[in-house]
Amino acid sequence: GFFVNLDATALLLFIVVFILTADYIKNRRLTGFPPGPPALPIVGNIFTLDHKRTHESMTEVHMRMGQRWVVVLNGFEAVTQALVTQGDSFSDRPSIPLYDDIFHGLGVILSNGHMWKQQRRFALSTLKYFGFGKKSLEPMILEEFTYVAKEISAYKGKPFNPHLIVNNTVANIICLLVFGHRFEYGDEQFKKMMKLFEQSIQIQLYNAFPQLMRCLPGPHQKFKRINEELKDFVRTEVKDHKQKWDPSDLRDFIDYYLNEIQMVTEKSLFTFDEECLIMSVLDLFGAGSETTSTTLRWAFLFMVKYPEIQERVQAEIDSVIGQSRPPSVDDRADLPYTDAVIHEIQRMGNIVPLNLPHVTNRDVHLRGYTIPKGVTIIPNLTSVLFDKREWKTPFTFNPGHFLNEEGKFVKPAAFIPFSAGKRLCLGENLARMELFLFFTSFMQHFTFSMPPGVKPVLDYRFGITLSPVHYEICAKPRHE
Ligand code: HEM
């Protein structure tokens, strides 16, 4: 018995030493690598991060998440040198196991290479066509505002939680774009879809140990189920579009995509098919809905926190637009203060704090460091939007950041909430149009304040996006 025990202990010890040595050799720090905190074997720095404040605690420039090397780029210069000046080396996405299992590298956000180029180009040109071409989105956004205004007016200035209402409003713009129709806010299918999106959460552990986690139960399995349901939802819309499809009248993104599939000539390099269509549609929802609605929810909070700024915005809108007509994108140039406030909301709201991850697709030299191919890159947007060298008062809400001495609107180069370079947010123009039209419409019609006796709290929940913690607000109609 004694010898068996000794053998078992020795074997165990041998295995542990072997794993630790292999881990050490595999993850040896390369010469020329940027500095970083010491990492534990196997798990690296996963547990040294303060999860609630991840984007703030990242002052070091490299770390190891499980078996994955990560370099965090901090500050305007480092981020733009990588994404813009050396953009070709930094334009790929790393593999993220949980998402790979669901999206299979299809669509725009998570794809690479030929697939990414074709899908991105197609989405961009279709968005341009619907957003700014023949079927401009401007009237659709203004019409959607009338629905949300009605909904909010019904509270008659009493406190309400704007979260769901604003989510619905913004999601409907994507619905109009991809499905060609909007939903009533009370529609059961719509409510179900919105709930599914709300439940889409990120699971760290899965991505650190995918082989193991794939077989285990846990929240990631629910995440997969939710995404399968979302795919089914889009699949139904696609089926419907195919039945009513008319090449002489392409109504929306799905119609255009079906048209593209029809036009296939050279099969081998052609990435358009129905599975990929479904992923692209989910990409537009995933990236285009929550982001814009979160920004608007920050906007309300900042306006109640700084009532004098809200008043000044309203005064500018009253004098330029008045009350008898809705705002138009052409008004932007005449509303420099309002424009500056919207930009400052985006800067302080900082809603995609760590950007989306990139990966080096070759060995690169950056700012005196050597970063090998295959290293995950986090171009930290927080560090740019609050960079002390770029902003006069980085931690204060100050529309003056976007105004020159004559009160004209100016945009500093460090304003990059949509990121920069080849992966630049594909929906930037649409988002800017929505933020401008919705925000000015809200300011034209309502004055926001906290419920009596409640102070505004600018606290947030950290995830892929930073969203304000749930709050209630009062919206008093300005005119009957
Ligand atoms: C990517 C921000 C709205 C579609 C991104 C990225 C950021 C971002 C930071 C990552 C860029 C990178 O990896 O370097 C925002 C913000 C928005 C917004 C702050 C609103 C305030 C939208 C909208 C849409 C959209 C309305 C679409 C309708 C996309 C897509 C990507 C993306 C498809 C992936 C691009 C690619 O990988 O090539 N966005 N976004 N976004 N965004 Fe947005």
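A short reminder: the numbers here are calculations on the coordinates, not readings from a lab. Note that the structure is a prediction, hence the values are computed from the model and not measured. Cβ atoms come from the backbone with ideal geometry, glycine included; neighbour counts cover every protein chain shown.
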### Task
Could you compute the FRET efficiency for Leu13 and His181, with r as their C-beta to C-beta distance and R0 at 51 Å, rounded to 0.05?
0.20
### For segment 402-460 versus segment 292-368, the gap between their alpha-carbon centres in whole angstrom
1 Å
### Query
In angstroms, what radius of gyration and Dmax does segment 31-477 have, counting Cα atoms only?
22.3, 66
### Query
In straight Cα distance, which lysines are under 28 Å from Lys224, not counting same-chain residues fewer than 8 positions off?
Lys52, Lys117, Lys191, Lys192, Lys195, Lys239, Lys242
#### Entry: Residue list for segment 174-196, given a label point 7 angstrom along the Cα-to-Cβ vector of Arg251 and an amide N cut-off under 14 Å
175-183
### Query
Of all DSSP beta bridges located in segment 31-477, what percent are antiparallel, nearest 5?
85 percent
### Message
How far apart, in nanometres, would the label points at Ala413 and Lys117 be if each is projected 7 angstrom from Cα along the Cα-to-Cβ direction?
### Response
2.8 nm
### Query
For Gln262 and Thr85 in one chain, what is 0.36 nm times their gap in residues minus the Cα-Cα distance, to one decimal in nm?
59.9 nm
#### Entry: Spin-label model distance (nm) - Lys455 vs Ile25, 7 Å beyond Cα toward Cβ
5.9 nm
### Message
So for each of 391-403, 10-22, 157-169 I average, over its residues, the number of other beta carbons within 10 Å; can you give me the resulting order with the highest mean first?
### Response
157-169, 391-403, 10-22
### Task
For Arg362 paired with Glu228, estimate the spin-label separation in nm (one decimal), with each label point 7 Å from Cα along the Cα-to-Cβ line.
4.2 nm
### Task
Would you mind checking the tilt of helix 253-262 against the longest principal axis of the Cα atoms of the chain, expressed as 0 to 90 degrees and rounded to 10?
60 degrees
### Summary
To the nearest 10 degrees, the tilt of helix 219-243 (Cα long axis) against the first principal axis of the alpha carbons of the chain is 50 degrees
### Query
So how do 311-324, 84-97 stack up, highest first, on mean other-Cβ count within 10 Å?
84-97, 311-324
